[in-house]
Every structure is written in structure tokens, then in C-alpha cells.
Amino acid sequence: MPTLSTLLDSLEESATLRLTNEARTMAASGQDVISLTAGEPDFPTPASAREAALQAVQSDFTRYTPTAGIPELLDAVVQKFERDNGLQYSRDSVLVSAGAKQSIYHTLRVICNPGDEVIFFRPYWVSYPALVRLAGGVPVVVPPEDGKGFRPSLRKLRDSITPRSKALLLNSPCNPTGTVMSREELMAIAELARAHDLFVISDEVYETMVFDGRKHLSIAALPGMMERTVTVNSISKSYSMPGWRIGFLGGPPEVAAAARRVQGHTQTCVNSIAQKAAAGALNGGARERAAMAFEFESRRNAAYTQLQADAKTRDVGRPEGAMFFFLPVSEFLGGTINGVSIQTDIELATHLLRQHRVGTVPGSAFGEPGHLRLSFSSSLPTIQEGIRRYLHGVSGRTHESH
């Protein structure tokens, strides 16, 4: 049998999807499982999106669409960028894809030559290294600033730039830490991008989930950044529509046009019904979006209080945005829990799921071993019960003797 591509040797299965799927399989078999794995909001799809989808079905809107997206959705995306981000794009500068992940990949595919370096901060979203490699690039990971939690290190970023550097890949609010980049941090990053003539890909899918009065800022809105920045977003998080698989990008017209050519060969176009639903959400789902953002902050507050009340989780950071807690768990590694050897965060996450029926994601998947990510995208009672199971699951630890 012919051999498979050696590129697969560098690609690992998404830990988020693997543990989410295992939790779903256990639940489908009748087990009482609480999954705090995926960042999947539990709210219903906004009424305006559902109504638009139903109307599309009833009118038999089931043919191929333009590769870039239907005009109605392109206009909605253009208006969204101007309304929410202060970014003025034309239809020619935006592209609708099957989720933000595909928008990021298409962007990387059209800006990277083989061996070009793409720089991003650690912890990073699980798919960034794989997406860069699939596009022929080389991932360059920048550790966080020493002693400052998970704030991006501008000093280490500066030291990571080489003649092969092509792009910076940013994520704010951050998955998995919830860190929201400040205006000062973004301005410093923008200065480096301009000085070294780098592209910036800004992943802003959690933009509506910023807490404690913070304001989301798109780096493309800073002086001199529109012409080198591709801003990526989706309807999955802000409108609770992950299964509709609609993402979009806005950027320099030549980048959008090139990404459109790639999409034309790989996908032709995005699902026609989902495009109508996305337009309905962007044009008419503002009230639901605001209500969801408010509820996420309320959930974070209640869950954080619960975590702070227990000595085992008192060191957890307070997320500034997104929908995740990133728990330090090194103290529970290198020994046994109720007789089970637990050496890594992967083993701990597996133990918690299989023995205590609570799903989490190991920090190793995000380049940060010794942590677990807990999502607060479920209802508050579900989150609180999941935390209770987590706390019970890490009790009874004993150190190995040497």
C-alpha cells in the first residue's frame, strides 16, 4: 500500500475534540457525564437566524452560492466590522468560510511560502501549530511574560522575530486563558509588525465576551495596521451557532482575493442555508448576543467564587474574557490519586473523565503542561456540579516515594 504524507507525522488529534467526543460517547451510553471541554455556548440560536434559515429552506435556496459568500451576508459582515470594530471594508475585502478555523487556514495558505515563520503566544489555541504546518509554515511559539500570569511577553516576541518571520497570529480574548490584550500591548505589537513588515492575523472569535468593563479592541483599527492585518471572526461564539459553521475574515483586498481562490478550489462555497442564517444573526441578533455576554460574565463570577472557596483551586486566574478557566494542576501530578498513578495533565484529564465523569482539556494541548482548561459555556448548575466533581477527583492525592 502506498505511504501517507509525512506531514501527518507532525499533526496530532485535537485534544479538545478527542475528549469532547469521548465525553459524548460516554453520555450516549447512559453515563452521567458533565463535559467542561469544548467552548460551545448552550444558548439557542437567535430567532432571527432560525427564521432566516427556515425561509431559505422554504424558498428552496439550495444552490451553489458565490465563493466569497452571498451578497446579503457579505454586506452584513462589512456592517459588523464597521459597527463593532471600527473597520471599514468593502465586499471585496471579506470572505465567508466554514468557520473561523478555515478562515485562519486560508489566510495562512495564501501568505506563507514554505519555511516562513508564523509567531504566536503561548498558551495557544490547540489548532494553531497544525494550521501553520499545513500551510507550509513554521510555528514559532513565544512563552508568556515571566511572573505575570499569561500576559504576552513583548520582550520575548521581539527576540523571536527573524528574517524568516512572515506573520503574527494573535488571539484576544485568549483561548485558553481568557487574557484580553490591552491597548498598550496591541500598540506595541503593532509597532513591531510595522517595523518588521509582518502580516498580523487577529483571531477575535471571543470579542463579545470581555468582562469587568473592559472593551475589545481590534489591532487592525490601530494606525497603519489595516493594510497588513486579517481580522477573523465567526458566529459560533457570539451568537451561539457553532454547528452552523460560518466564519469570516476581513483584510487587504489582495489577501481576501487570494483566499477566495483557494476556497474556490477546496470548497466551492459555504452552505447556502447557513449563510442565510448567519446574515439573520448578524442583522437581527444583537439582543441575544448582549444577553449571552451578560450571562457569561455572571457564570464566570459564580464559578470563580466557587473555585476560590477551595484551597485546591485558589490559585486559578480570573479570566478577563472568553469562556474558560485555566487551572494550575502541577501539585496533583507525579503521584497517585486514590491509587491511580497520575504523571501528566493528560493522564489527569483522562482520570477525571473516566472515573469522576467530568470532562476537561489538558494544558499540554495548548503548549502549557501542568494545567487543565475548564469551560464555563454550560448552564451554571452544570458548571458548579462539574467543578464539584473536579474537586472531588483531585482529592486523595499521595506523593510517590523515592
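The values are calculated or read from the model by the stated rules, or taken from the named source; none is laboratory data. Please read all numbers here as calculations on a predicted model, not as lab measurements. Cβ coordinates were reconstructed from backbone atoms using ideal geometry, including for glycine residues, and neighbour counts include every protein chain displayed.
Which one of these is surrounded by 15 or more Cβ atoms within 10 Å (Cβ to Cβ), in contact with a helix residue (DSSP H, G or I) (Cβ under 7 Å, 6 or more places away or on another chain), over 28 Å from CYS269 (Cα atoms) and assigned by TED's automatic domain parsing to the domain that holds ARG388: GLU22, GLU40?
The unique qualifying residue is GLU22.
Taking the stated definitions as given, is GLY213 at pLDDT 95 or above, out of contact with any Gly (no Cβ under 9 Å at 6 or more places or on another chain) and either loosely packed, with under 15 Cβ neighbours inside 10 Å or assigned by TED's automatic domain parsing to the domain that holds GLU40 (or both)?
yes
Considering only residues of region 37-63 that are assigned to a helix (DSSP H, G or I) and touching a Lys or Arg at 6+ places or on another chain (Cβ under 8 Å), which is farthest from SER234 (Cα to Cα)?
Here the residue is GLN55.
For residues that are among the aromatic types (Phe, Trp, Tyr) and over 30 Å from GLY224 (Cβ atoms), scanning just region 43-97, find the one that is nearest to the chain's Cα centre (by Cα).
PHE43
Could you count how many residues in region 119-140 are closer than 18 Å to GLU368 by Cα and of a type in the set (Val, Ile, Thr)?
Of the residues in region 119-140, 3 are closer than 18 Å to GLU368 by Cα and of a type in the set (Val, Ile, Thr).
Taking only pairs six or more apart or across chains, which ones have beta-carbon atoms under 7 Å, a first residue in region 284-311 that is outside the structural domain of ILE235 (by TED's automatic domain parsing), and a second residue that is of a type in the set (D, E, K, R)?
TYR304/ARG318; GLN308/ARG314
Go through (1) touching a strand residue (DSSP E or B) at 6+ places or on another chain (Cβ under 6 Å); (2) at pLDDT below 95 one by one and return the number of the condition ALA68 breaks.
(2)
So, of the residues in region 297-329 that are among the small types (Gly, Ala, Ser) and over 24 Å from the mean Cα position of the chain (by Cα), which turns out to be modelled with the lowest pLDDT?
ALA311
Only one of LEU380, LEU333, LEU391 is aliphatic (A, V, I, L, M) and touching an Asp or Glu at 6+ places or on another chain (Cβ under 6 Å); which?
LEU391
Would you mind stating whether MET26 is part of a loop (DSSP other than H, G, I, E, B), more than 17 Å from ARG245 (Cα to Cα) and not polar (S, T, N, Q)?
Answer is no for this residue.
Of all residues in region 310-344, which are surrounded by fewer than 16 Cβ atoms within 10 Å (Cβ to Cβ) and in a helix (DSSP H, G or I)?
Of everything in region 310-344, those that are surrounded by fewer than 16 Cβ atoms within 10 Å (Cβ to Cβ) and in a helix (DSSP H, G or I) turn out to be ALA311, SER330, GLU331.
Check off (1) surrounded by fewer than 19 Cβ atoms within 10 Å (Cβ to Cβ); (2) within 20 Å of HIS216 (Cβ to Cβ) for ARG122 and give me the number that stays unchecked.
Tallying (1) surrounded by fewer than 19 Cβ atoms within 10 Å (Cβ to Cβ); (2) within 20 Å of HIS216 (Cβ to Cβ), ARG122 fails exactly one: (2).
Could you tell me whether any residue of region 186-196 is surrounded by 19 or more Cβ atoms within 10 Å (Cβ to Cβ) and out of contact with any Leu (no Cβ under 7 Å at 6 or more places or on another chain)?
no
So which of VAL270, VAL230 is among the aliphatic types (A, V, I, L, M), modelled with pLDDT of 95 or more, in contact with a Gly (Cβ under 6 Å, 6 or more places away or on another chain) and buried (at least 24 other Cβ atoms within 10 Å of the Cβ)?
On inspection, the qualifying residue turns out to be VAL230.
Report, by residue number, each residue of region 201-216 that is among the aliphatic types (A, V, I, L, M) and more than 11 Å from ILE104 (Cα to Cα).
Selection gives VAL205, MET209, VAL210.
Specify which of the listed residues (ALA47, ALA52, ALA68) is under 30 Å from PRO139 (Cβ atoms) and either in the same structural domain as GLU204 (by TED's automatic domain parsing) or surrounded by fewer than 20 Cβ atoms within 10 Å (Cβ to Cβ) (or both). Walk me through how you get there before you give the answer.
On the way: ALA47 fails: under 30 Å from PRO139 (Cβ atoms); ALA52 fails: under 30 Å from PRO139 (Cβ atoms).
Being under 30 Å from PRO139 (Cβ atoms) and either in the same structural domain as GLU204 (by TED's automatic domain parsing) or surrounded by fewer than 20 Cβ atoms within 10 Å (Cβ to Cβ) (or both) holds for just one of ALA47, ALA52, ALA68, which is ALA68.
Report, by residue number, each residue of region 176-202 that is at positive phi and out of contact with any Phe, Trp or Tyr (no Cβ under 9 Å at 6 or more places or on another chain).
The answer is ASP197, and nothing else.
Can we say VAL232 is within 16 Å of LEU168 (Cα to Cα), touching a strand residue (DSSP E or B) at 6+ places or on another chain (Cβ under 8 Å) and of a type in the set (A, V, I, L, M)?
Yes, satisfied.
Of the numbered conditions (1) under 25 Å from the mean Cα position of the chain (by Cα); (2) under 29 Å from PHE294 (Cα atoms); (3) modelled with pLDDT under 95, GLU385 satisfies every one except a single condition; which is it?
If we test GLU385 against (1) under 25 Å from the mean Cα position of the chain (by Cα); (2) under 29 Å from PHE294 (Cα atoms); (3) modelled with pLDDT under 95, just (3) comes out false.
Among (1) in a helix (DSSP H, G or I); (2) touching a residue at least 40 places away in the same chain (Cβ under 8 Å), where does GLU347 come up short?
If we test GLU347 against (1) in a helix (DSSP H, G or I); (2) touching a residue at least 40 places away in the same chain (Cβ under 8 Å), just (2) comes out false.
In region 367-389, which residues are part of a helix (DSSP H, G or I) and among the aliphatic types (A, V, I, L, M)?
LEU380, ILE383, ILE387 - these are the residues of region 367-389 that are part of a helix (DSSP H, G or I) and among the aliphatic types (A, V, I, L, M).
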